[in-house]
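For reference, the structure is listed below as structure tokens.
What follows draws every value from the coordinates through simple rules; no lab data is involved. On a predicted model such as this, the values are computed, not experimentally measured, just so you know. Neighbour counts run over all protein chains shown; Cβ positions are idealised from the backbone, glycine included.
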Amino acid sequence: MTWHKKAACRGVDTEIFFPSGGGARNNRPALALCRTCPVRDSCLAAALDEEKNAAYGVYGIRGGLTQDERRQ
């Protein structure tokens, strides 16, 4: 997965991608970072593929979308 090396979130504390409480406001830092990411499409494709093959959803913000947005 070479796209990981180019991700804008590389080295960032992963906590921002798993916000608890506060609703959409707490998603803003992660979503803002995702908007700048050169490999966002690859990240989203991986998240959607993982969700398709998992008995549970893939939690957190990935590929610039929340879990609910990816479900849609």
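Worth a mention:
- Put simply, the C-alpha atoms of the chain give a gyration tensor, and the ellipsoid matching it has half-axes of 17, 17, 10 Å, longest first.
- Per-residue packing, averaged as other Cβ atoms within 10 Å, sorts the ranges 46-53, 28-35 into the order 28-35, 46-53, beginning with the highest.
- Summed over qualifying helices (DSSP H, 4 residues or more, each -39500 (n - 2.57)) and divided by its residue number, the chain shows a 222 nm mean residue ellipticity of -10500 deg cm²/dmol.
- Sequence-separation-based contact order of the chain, relative, with Cα cut under 8 Å and 6+ spacing, percent: 33
- At R0 = 30 Å, FRET efficiency that the Cβ-Cβ distance of THR2 and ASP68 yields, to 0.05: 0.55
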